[in-house]
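Written below as structure tokens is the structure these notes are about.
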Amino acid sequence: MTRIDFYVLSSDQTSDGDLFACRLAEKAYRAGLRVLIAVDDRERAEQLDTLLWTFREDSFLPHASQSAGERAAVEINCGEEPEQHHGLLINLCTSVPGWFSRFERLAEIVVQQPEALARSRSRFGHFRDRGYPLQSHRIGN
């Protein structure tokens, strides 16, 4: 069963959530997991692609857009059916992809915005009621 982690950031900035997603993807990659980062649209995917190149000056995180057909340790998904991923799904979408249960882990990143907080509360209850193992982590600046 998919383990679900909620990472609750103290920031109200979406950009801080994206930066945290990059750091989480790097940590998972170094632990040997394949990572899929799900976003809502191509514009957000392009922003994340740029951020994955620049978020740290001293490291390289091999990544690609899933739609490009390239296989990479970290892939960015904006609605496509995932392929062989079984590691970590980092969800940056406004909804939870229907195929999340194919993954060992699901990471929900929550910023301090009213809409994001309401979505995360609803998701937490949904997953809890279905018996998924849940963890919540408070992340400071």
Out of (1) farther than 23 Å from Pro133 by Cβ; (2) open to solvent by 20 Å² or more (accessible area, probe 1.4 Å); (3) outside any loop (DSSP other than H, G, I, E, B), what's the single condition that is false for Tyr29?
(1)
Looking for something closer than 16 Å to Ala116 by Cβ, surrounded by fewer than 13 Cβ atoms within 10 Å (Cβ to Cβ) and of a type outside the set (A, V, I, L, M) - is there at least one such residue anywhere in region 56-67?
no
Run down Phe124, Phe103 and say which single residue is of a type in the set (Phe, Trp, Tyr) and open to solvent by 60 Å² or more (accessible area, probe 1.4 Å).
Phe124
Leading residue by the ranking (farthest from Arg105 (Cα to Cα)) among those in region 1-13 that are out of contact with any Lys or Arg (no Cβ under 7 Å at 6 or more places or on another chain) and open to solvent by less than 60 Å² (accessible area, probe 1.4 Å):
Ser11
Taking the condition of being part of a loop (DSSP other than H, G, I, E, B) and open to solvent by less than 60 Å² (accessible area, probe 1.4 Å), how many residues in region 35-53 meet it?
1
Identify the residue in region 89-132 that is under 17 Å from Val8 (Cα atoms) and part of a loop (DSSP other than H, G, I, E, B) and, among all such residues, is nearest to the chain's Cα centre (by Cα).
Leu92
Residue ID - nearest to Ile139 (Cα to Cα), chosen from residues in region 85-113 that are of a type in the set (S, T, N, Q) and touching a helix residue (DSSP H, G or I) at 6+ places or on another chain (Cβ under 9 Å):
Gln113
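Yes or no, residue by residue, for (1) among the aliphatic types (A, V, I, L, M); (2) surrounded by 14 or more Cβ atoms within 10 Å (Cβ to Cβ); (3) more than 22 Å from His86 (Cβ to Cβ):
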site: Glu108; (1), (2), (3): no, yes, no
site: Gln113; (1), (2), (3): no, yes, yes
site: Ser120; (1), (2), (3): no, yes, yes
site: Arg128; (1), (2), (3): no, no, yes
site: Gly131; (1), (2), (3): no, no, no
Do we have any residue at all in region 54-64 that's assigned to a helix (DSSP H, G or I) and closer than 15 Å to Leu89 by Cα?
no
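The values are calculated or read from the model by the stated rules, or taken from the named source; none is laboratory data. Just so it is clear, the structure is predicted and the values come from calculations on it, not from any experiment. When we count neighbours, we look across all protein chains shown, and the Cβ atoms used for this are built from the backbone with ideal geometry, even at glycine. In case anyone asks, the SASA skips ligands and DNA or RNA and just uses the protein heavy atoms, side chains included. Shrake-Rupley method; radii C 1.70, N 1.55, O 1.52, S 1.80 Å.
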